[in-house]
């Protein structure tokens, strides 16, 4: 009987070594354990043995069964690891290699200009800030000293959110697509500690007739500084520095008085047209005047500061805004800012 058990152990050990894959291992397992369990055939001889022999034989046969089951598990793990290693070798990718591609893409001219502006302002100590593009009337108009009956609201042709939403709300709680980035300044003043130095270079929306300088959605950058003893001279120096870094040293600025409902005093700023600079004639971008309107600037009205809980007797606020689209057109000598939104790869791939 012991000889039969030893023969079965030797047979199993030999066959186990010869198993090359999981299918062969499964066949061996079925042959010894499940379907034709050879141990069962050996155990039939138990009835012919004495009690002492039965005890000894049963222990040995059970040990053999445990040995077979454990050996099968270990062999199965080894075969699985070999299988995964073969798959890994065949499908191995060297991530350090450069990915071959004819067109890896690049930043859009407006994105390039925005990043340049951010770098310039960060070097001057400013932080970049933003809020959602869907805004409330309270922050877009009311707190900027533009109440519902103010004629200045006609300047901003507003995109409103669905009447289904707005009809159930009070006037100041109604939602719109922000018409300028100034609401970010209001939210910042309500939530930040003084002093404040931020820029807001993001997207705004207006229902406007499109031409060489206007589109229904465009990118603005507004700059806010709330500090003690801030003057209009500080604003002018900053604008001159930024424009000469962004464009060229010979760039000239022209300040014109202007009225904004939430500012006092305020102005619009023209920059010498970079497109006309290399020509003997002026272009449509600057309306044939050699200067193009790119910025606006102001000292903020004291009432706006009061709306945000800031004492106008102690702090003053100056800010300015600019059209990133127009500046991108000036920097890259593109005759119309509308071209940036027309998916013209021939244009965009140049930059």
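The values are calculated or read from the model by the stated rules, or taken from the named source; none is laboratory data. Small disclaimer: the values here were computed from a predicted structure and weren't measured. Here the Cβ positions follow ideal geometry from the backbone for every residue, glycine too, while neighbour counts run over all protein chains shown.
Descriptive notes on the structure:
- Selected residue (only one of 161, 199, 165, 186 is surrounded by 19 or more Cβ atoms within 10 Å (Cβ to Cβ), more than 22 Å from the chain's Cα centre (by Cα) and modelled with pLDDT of 80 or more): 186
- Flag if residue 138 is outside any loop (DSSP other than H, G, I, E, B), modelled with pLDDT of 80 or more and either surrounded by 15 or more Cβ atoms within 10 Å (Cβ to Cβ) or not assigned by TED's automatic domain parsing to the domain that holds residue 336 (or both): yes
- Residue 122 being part of a helix (DSSP H, G or I), in contact (Cβ under 8 Å) with a residue 40 or more places away in the chain and either within 23 Å of the chain's Cα centre (by Cα) or surrounded by 14 or more Cβ atoms within 10 Å (Cβ to Cβ) (or both): no
- Flag if residue 326 is more than 23 Å from residue 259 (Cβ to Cβ) and outside any loop (DSSP other than H, G, I, E, B): no
- Sole residue being surrounded by fewer than 19 Cβ atoms within 10 Å (Cβ to Cβ), at pLDDT below 75 and out of contact with any helix residue (DSSP H, G or I) (no Cβ under 7 Å at 6 or more places or on another chain), chosen from 278, 237, 233, 227: 278
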